[in-house]
Each structure stands twice: as C-alpha cells, then as structure tokens.
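The block underneath contains the structure these notes are about, expressed in structure tokens.
Only the coordinates and a few stated rules stand behind these numbers; no lab work does. Computed from a prediction, not measured in an experiment: that's the story for all the values here. Neighbour counts run over all protein chains shown; Cβ positions are idealised from the backbone, glycine included.
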Amino acid sequence: MSNASSDGGETLVDPYNYVGDVLGAGPGENYPFSDLLPYNPTRDKSDPPLPYFDITDRGHFADPACSRLNAAVKKAGGKIKDLGICVGSVVEGDIKLEDLTSEEKDDLALLVARRGVVFFRNQTGLDIDKQRELGKYFGPLHTHPVLAVPRRNGLDDVVVIYSDKDSRPDPYAFSRVELFHSDVTFEAQPPGTTILKLMTTPEVGNDTLWSSGYALYSSLSKPYQKYLESLSAVHSSFGQALWRSETLPTPRRQPLETIHPVVRVHPVTGFKSIFVNAGFVTRLVGVPKAESTNTLKFLFDSFAQQTDATCRWRWQDGDVALWDNRVVNHSATFDAYPSLRHGLRVTPQAERPLSVNSYEKQYGRQAKDWLEERYRVLGLDPPHMDQGGSISKSYKD
Ligand SMILES: O=C(O)CCC(=O)C(=O)O
Ligand SMILES: [Fe+2]
C-alpha cells in the first residue's frame with residue numbers, strides 16, 4: 001500500500017497515515033482455524049457455582065534440578081535460557097510439548113513455578129485437543145463464565161483470544177496499569193499452570209508482558225511485607241460480567257466475590273508472592289477505604305512499573321506460553337490493530353490460595369522470600385533495608 005502523495009514532482013510520505021500492509025486483515029475464507037474462532041454461547045439459565053476439589057500440584061513430583069526436562073531439551077538440541085534475572089525463560093530446541101513424559105511435565109510445572117512464565121516456539125503439533133490434555137495434567141480445566149469459547153463443540157473449557165480489523169481498541173477503556181491481571185482470581189481456586197498458544201500473530205506488535213509477584217514482594221521493606229501478610233483482598237467478577245452483559249445478558253455462571261490472602265505462598269517453591277491484580281481486586285478487607293485504595297494503587301502501579309522484574313514476549317505463529325497465575329500478573333499490549341491475532345488458552349485450576357500461616361502449618365516449613373533465597377544461594381547477606389538501606393554510614397551516625 002502506498003502512502004505517498006505527489007507534490008510538484010517531490011514525493012512526500014505522510015507518516016501518520018501509515019497502516020502497513022495489513023489493513024483489513026480478517027480470517028478470510030480459507031482460514032485454517034475457522035472452527036476455533038470466538039463464539040459466545042448464550043443461556044437462559046446460569047450453571048451452578050464451581051465445586052471445590054483437592055489437588056496436589058504436579059510440581060511436587062518434579063526433580064529439584066528439573067533433570068528430566070533438561071535431558072529432553074538437550075536431546076532435542078536445545079537449551080533453557082532465562083529472559084531476565086527475575087522472570088521468564090525460553091525453551092529452545094525442537095521440543096514438542098505434546099510428546100513430554102509425565103516426569104518431564106512435572107519438571108516443567110516446577111520450572112514455570114520458579115520462572116513465572118516459560119515460552120516454547122513453533123508448537124504447531126499442539127492442537128487444541130493436545131493443549132487441553134496437557135492442561136488437564138496440571139489441574140481441572142476452568143470454564144470461563146463470560147469470555148468467548150471456540151465455535152467447535154465440546155471446547156467450553158477453552159478461552160479464545162482474538163482480535164482483527166473489527167476489534168479497534170478503545171483508548172479510553174483501560175490504562176496500562178489496569179491491564180495487568182492474573183486470570184479469573186475471583187474463583188475460590190484460581191488457576192496455576194496456564195497455557196496460551198497463539199496460532200496467528202501480527203508481523204509485529206501485540207506483545208505480552210509478565211510481571212513477577214515474587215520480585216515485587218522481595219522489593220518491599222520487612223515491616224511492609226509483614227503488614228501485607230496480615231491482609232486479605234476481595235476478588236470480584238462483577239465488573240467483568242457487567243462489561244460482557246450486552247453480549248451475554250445471562251452469564252454462563254453468576255458473578256462472585258472471593259477473599260484471598262494478599263501475600264500468597266506457592267505450594268511447591270515456598271516463595272511468597274504478592275497476589276493482587278488490577279483486573280479483579282476491588283478492595284482490601286478490614287482497613288479504611290482510603291488505606292485500601294492507596295495500598296492497592298501502590299501494588300498495581302508496582303506490577304506495571306517494575307521493569308526489571310517484567311519480561312516481554314514477541315509472539316510468532318505457533319508459540320506457546322505457560323505461566324503460573326499464582327505468582328505473576330500479565331498484560332497484553334494492544335498496538336497491532338487492525339492485524340489478525342488468534343489464540344487459545346486453557347486454564348487449569350489450582351489449590352485455594354495459601355497465606356503464609358496456612359502454608360507454614362500445612363507444609364511444616366517456613367515460607368521464603370525469593371530475593372533473600374537468591375542471595376543465600378550466592379552466599380551473600382540479603383540486601384534488605386532494615387540497616388538503613390543505601391543511606392551512608394556517616395549520615396546514619
Ligand atoms: O492476549 C494476550 O497476549 C494475553 C491475553 C490474556 O490475558 C490471557 O490469555 O490470559
Ligand atoms: Fe489473562
């Protein structure tokens with residue numbers, strides 16, 4: 001497409017008029033994933049609330065060094081590379097998620113729990129049936145109360161991620177801070193190891209970011225950590241149900257509110273993580289409204305601003321991200337309109353969130369601070385601020 005205009009023989013390009021070659025991109029007639037395009041089944045009556053269930057996280061069965069997964073990756077000619085110190089790893093090599101053994105999957109659960117998010121390129125063989133099988137290995141698949149599911153029958157436990165020329169983003173809808181979320185935390189047993197595959201991606205743009213709850217907890221002073229450990233928060237799906245009410249006047253399940261601890265401990269890693277998100281948390285319990293609003297604002301802002309504890313993934317067709325919704329918040333970017341982007345998420349549920357107290361009681365060991373543990377492994381004193389932080393000795397004296 002040419003954006004040039006002719007002016008007295010000189011060619012001028014209007015930089016503001018450039019929309020690339022993708023304007024008008026839609027799925028087209030021969031789109032290979034047309035049976036997986038979004039569909040909004042409507043109901044006369046909502047389903048009953050989700051039942052409680054017991055679960056033992058697969059990460060408990062992992063080898064602490066992830067030796068089985070490492071061996072499989074090595075055999076496939078690849079390597080596991082960290083994308084930063086705090087969060088995100090990519091598994092390179094010709095490894096196929098659908099071919100992993102149970103032991104390799106257990107190691108993967110641990111890797112995802114430690115790193116927050118793990119990426120695999122080119123997973124074209126992981127069709128939606130295999131993606132669901134992999135998800136079910138980690139926990140019962142969540143059925144979303146209001147988001148679109150694939151057109152094909154029998155996929156009610158899949159969420160469709162989709163945008164095209166008709167999904168012009170509303171610049172007034174959400175701020176960057178508000179876009180960071182953890183999935184469906186309003187549930188009594190919110191998800192753990194979650195799997196998103198994108199089949200169709202823009203040439204550039206519409207990246208996704210993951211921000212670490214472990215690192216955020218670690219960045220706070222000891223007294224503030226203790227304060228947050230004493231708190232719980234309301235997670236609500238009423239806002240999302242209202243936002244979808246035009247399309248779905250009767251949600252597939254009625255909205256609900258659930259109270260979870262603000263500091264959550266991952267059952268396998270034992271690390272403490274900040275477990276609030278701007279998508280679903282409406283207020284802290286038992287503190288004055290202004291204190292709740294300001295504390296939550298600080299935590300939401302921190303998730304969006306801690307660039308050293310955030311990783312960013314630039315998608316290609318067939319990429320898969322596995323993230324642990326217990327210990328990271330994530331946010332898509334919406335900068336690639338009007339490109340076609342299409343993916344599917346399966347969302348295995350996990351345990352009822354564990355507070356520090358309940359973790360220590362249940363597991364008989366102390367919950368840990370991620371950064372302190374990192375320093376301990378390095379044989380160094382932890383970098384906490386209780387000695388005055390970076391204030392020089394002479395100033396303190
Ligand atoms: O579109 C994306 O990159 C992420 C969407 C999302 O929030 C999710 O799949 O949970
Ligand atoms: Fe999400």
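Overview of results
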| item | result |
| --- | --- |
| Residues satisfying the stated conditions in segment 205-233, i.e. within 15 Å of ligand 1 (Cβ to nearest atom) and more than 23 Å from LEU37 (Cβ to Cβ) | LEU209, TRP210, SER211 |
| Matching residues in segment 269-283 - criterion: being of a type outside the set (Gly, Ala, Ser), part of a loop (DSSP other than H, G, I, E, B) and touching a strand residue (DSSP E or B) at 6+ places or on another chain (Cβ under 6 Å) | PHE275, VAL276, ASN277, PHE280 |
| Cβ-Cβ under 6 Å pairs, at least 6 apart or on other chains, segment 325-339 side under 19 Å from SER211 (Cα atoms) and hydroxyl-bearing (Ser, Thr, Tyr), far side near ligand 2 (Cβ under 10 Å from one of its atoms) and assigned to a loop (DSSP other than H, G, I, E, B) | SER331/PHE180 |
| Qualifying position, being surrounded by fewer than 24 Cβ atoms within 10 Å (Cβ to Cβ), within 30 Å of GLY364 (Cβ to Cβ) and small (Gly, Ala, Ser), among ALA188, ALA241, ALA215, ALA233 | ALA188 |
| Qualifying residue in segment 202-210 (condition: crowded, with 24+ Cβ neighbours inside 10 Å, away from ligand 2 (no atom under 12 Å from the Cβ), within 18 Å of the chain's Cα centre (by Cα) and assigned to a strand (DSSP E or B)) | no |
| In segment 290-332, residue nearest to ligand 1 (Cβ to nearest atom) [restricted to those that are within 17 Å of SER182 (Cβ to Cβ) and hydroxyl-bearing (Ser, Thr, Tyr)] | SER331 |
| Looking only at segment 171-201, and only at residues there that are part of a loop (DSSP other than H, G, I, E, B) and within 13 Å of ligand 1 (Cβ to nearest atom), the one that is farthest from HIS144 (Cα to Cα) | THR201 |
| Within segment 323-359, tally of residues that are more than 27 Å from ILE161 (Cβ to Cβ) and either buried (at least 20 other Cβ atoms within 10 Å of the Cβ) or in contact with a Leu (Cβ under 9 Å, 6 or more places away or on another chain) (or both) | 3 |
| Extreme residue, surrounded by the fewest Cβ atoms within 10 Å (Cβ to Cβ), among residues of segment 30-68 that are of a type in the set (A, V, I, L, M, F, W, C) and within 21 Å of PRO191 (Cβ to Cβ) | PHE53 |
| Single match in ASP301, ASP324, ASP319, ASP335 (criterion: away from ligand 2 (no atom under 16 Å from the Cβ), charged (D, E, K, R) and under 30 Å from GLY93 (Cα atoms)) | ASP335 |
| Search result, residues across segment 314-345 that are within 12 Å of the chain's Cα centre (by Cα) and assigned to a strand (DSSP E or B) | ALA321, LEU322, TRP323, ASP324, VAL328, ASN329, HIS330, SER331, ALA332, ARG345 |
